[in-house]
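Working notes for the structure below.
A short reminder: the numbers here are calculations on the coordinates, not readings from a lab. Since the model is a prediction, treat every value here as computed from it, not as a measurement. Methodologically, a virtual Cβ is constructed for each residue, glycine included, from the backbone with ideal geometry; neighbour enumeration extends over all protein chains shown.
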Amino acid sequence: MSIRERLSGNEAAATAMKQINPDVVAAFPITPSTEIPQYFSTFVANGTVDTEFVAVESEHSAMSACIGAEAAGSRAMTATSANGLSYMWEMIYIASSLRLPIVMSLVNRAVSGPLNIHNDHSDAMGVRDSGWIMLFSENNQEAYDNLLMAHRIAEHKDVLLPLMVCQDGFITSHSIENIMLEEDSEVKQFVGKYTPEHYLLNKNEPIAIGPLDLQGFLFEHKAQQAEAMRKAKDVILEVSKDFEKWTGRSYSLFEEYKLEDCEIAIVCMNSTAGTTKFVVDNLRSQGIKAGLLKLRVFRPFPAEEIAKALSNVKAVAVLDKADSLNGVGGALFQDVAAGMYVHNTQVPLVNYVYGIGGRDTRADEIESVYKDLQEIVKTGNIGNPYRYLGLRTKK
């Protein structure tokens with residue numbers, strides 16, 4: 001039976017980790033994810049879990065310790081944000097290349113410099129092509145639920161890739177919300193035990209991990225990683241169905257909010273979806289057919305499914321909480337645009353970069369995006385497809 005509680009997003013993540021009871025947690029503090037290992041360390045100290053908690057000297061060492069633990073045959077977890085993730089960068093690639101299903105809670109924050117401790121998605125976007133599965137969470141409940149599903153996905157024999165669960169720094173990580181928790185015993189039963197087929201401490205199968213991999217084999221190994229990422233999509237849906245049978249909470253690759261008959265739609269991720277739903281409801285009460293596609297699974301990217309979901313929409317705006325600084329929009333926009341093109345879905349698309357460095361994004365600003373989309377539908381003129389939302393400019 002589910003338990004009704006009130007927790008912040010960081011508390012929810014730490015609670016999920018406690019219920020999973022991994023073999024190893026290695027972490028180094030960085031705002032705004034610090035509370036996750038902090039809370040978890042209290043569970044270690046009071047004997048609630050029997051996890052080996054490794055207090056390392058840096059984020060690079062945190063990921064290195066997780067890699068060592070997973071390679072040895074243990075289930076490992078960690079948490080970080082922004083510059084901490086950047087410091088892990090080398091090891092992030094090594095974790096995925098070695099096919100080690102580490103699970104990380106990534107509390108999204110702007111990457112320096114200049115120094116900024118508030119929310120945007122520049123940290124996640126910086127490692128989007130590193131071979132990690134990436135799940136995004138609108139609220140505290142989704143952050144908790146995604147972590148409960150994470151090991152089942154990452155450790156699947158057809159996947160064996162690391163996975164990060166993203167949530168917005170401070171916006172959800174430090175905000176207290178009502179949340180439904182599951183019983184510890186039921187979580188353990190759902191997640192199951194980690195029983196790797198190949199690992200360093202298996203005395204019956206001596207192996208090496210991370211050897212030199214030159215022209216003769218690296219290409220094929222990278223193709224195998226890519227194939228595992230493609231297969232992860234089906235595994236995510238399979239695990240989500242099992243999760244729904246258990247909890248009654250339904251998840252897919254993305255959420256279609258009033259999308260079935262909409263004429264104008266926004267695509268976005270994480271907490272902005274909550275504000276957008278509020279705006280959609282208001283516009284619907286005025287007879288405006290607005291909708292939302294809230295992306296949950298960013299890697300693997302569900303291009304075909306998104307193209308199908310948006311095929312009957314008359315105009316779409318993609319919101320990016322990070323600028324790729326390439327002159328042609330943000331990463332989410334580029335993926336959506338490419339996916340729709342490849343799957344022969346021709347819908348007018350515009351991109352809005354917003355919320356950089358924690359800049360507030362208000363409901364009236366989201367509403368202005370829908371008004372812009374109405375104008376595109378009316379005139380057929382996209383104008384500049386690369387736009388900013390909430391940017392102060394000289395008048």
Practice prompt. Using the number of other C-beta atoms within 10 angstrom as an exposure proxy, rank D120, D213, D364 with the fewest first.
Written response: D364, D213, D120
Discussion item. For the ranges 143-152, 189-198, what's the packing order if you count other beta-carbon atoms within 10 Å of each residue, average per peptide, and put the highest first?
Written reply: 143-152, 189-198
Worksheet item: What spacing in nm lies between the two simple spin-label points modelled at E5 and Q215, each 7 Å away from Cα in the Cβ direction?
Response: 5.5
Discussion item. Spelling out what I want: for every residue of segment 344-350, take phi, set θ = phi - 60°, compute 6.51 cos²θ - 1.76 cosθ + 1.60 (Karplus), and round to whole Hz; glycine and proline get x.
Written reply: 6, 10, 9, 10, x, 10, 10
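How much FRET efficiency would the formula 1/(1 + (r/R0)^6) give for L201 and L325, where r is the Cβ-Cβ distance and R0 is 51 Å, rounded to 0.05? Walk me through the numbers on the way to the answer.
On the way: r = 44 Å, r/R0 = 0.86.
Working from the Cβ atoms, E equals 0.70.
Counting only DSSP beta bridges with both residues in the chain, tell me the antiparallel percent, nearest 5.
Percentage antiparallel, nearest 5: 25.
Taking the DSSP beta bridges in segment 254-389 as the whole, what percent of them are antiparallel, to the nearest 5?
15
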Worksheet item: Where the centre of each part is set by its Cα atoms, how far does segment 293-342 sit from segment 9-68, in angstrom?
Response: 33
Worksheet item: Any idea how far apart I382 and D364 come out in nm if each label point goes 7 Å out from Cα toward Cβ?
Response: 3.0
Discussion item. Cross-link candidates for K378: which aspartates and glutamates have Cα within less than 16 Å, leaving aside residues fewer than 8 places away along the same chain?
Written reply: E263
Worksheet item: Y388's amide H: which non-local residues (gap 5+, or another chain) put their own amide H closer than 5 Å, with H modeled 1.01 Å from N in plane and none for Pro or chain starts?
Response: V353
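Which whole number of Å³ per residue matches the convex hull of the alpha-carbon atoms in the chain?
Details: hull volume 59.7 nm³, N = 395.
Convex hull volume per residue, Cα atoms: 151 Å³.
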Response to the item:
Long-range amide H partners of A322, meaning residues 5 or more apart or on another chain whose placed amide H is closer than 5 Å, are H121, Y354
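Output the pairs from K18/K321; K231/K308; K188/K294; K231/K321; K277/K371; K241/K321 with a Cα-Cα distance over 22 Å in this structure; if there are none, say none.
Distance filter (> 22 Å) returns K18/K321; K188/K294; K231/K321; K241/K321.
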Worksheet, complete the sentence: Any residue on another chain or 5+ positions along whose placed amide H is under 5 Å from the amide H of R75 is listed here as D23, V24
Discussion item. Compute the helix-to-body angle for 35-45: its Cα long axis versus the longest principal axis of the chain, expressed 0 to 90° and rounded to tens.
Written reply: 30
Worksheet item: For segment 137-154, what does the Karplus curve 6.51 cos²θ - 1.76 cosθ + 1.60, with θ = phi - 60°, yield as ³J(HN,Hα) per residue in whole Hz, taken in order and with x for Gly and Pro?
Response: 10, 5, 9, 5, 4, 5, 4, 5, 5, 4, 5, 5, 8, 4, 5, 4, 6, 5
Worksheet entry | Reach of K258 by Cα under 12 Å, taken over aspartates and glutamates that are not fewer than 8 positions away in the same chain | D281
Worksheet item: Does segment 254-389 come out rounded, prolate or oblate by the C-alpha gyration tensor, with a ≥ b ≥ c the root eigenvalues, rounded set by a/c under 1.5 and, if not, prolate when a/b is larger than b/c and oblate if not?
Response: rounded
Worksheet entry | For K371, net neighbour charge (Lys/Arg +1, Asp/Glu -1) across residues whose Cβ lies under 11 Å away | -4
Response to the item:
Taking r as the C-beta separation of Q334 and K308 and R0 as 30 Å, the FRET efficiency to the nearest 0.05 is 0.95
Worksheet item: Got a sec to turn the phi values of segment 196-208 into Karplus ³J(HN,Hα) couplings, 6.51 cos²θ - 1.76 cosθ + 1.60 with θ = phi - 60°, whole Hz, x for Gly and Pro?
Response: x, 7, 10, 7, 5, 8, 7, 5, 8, 9, x, 9, 10
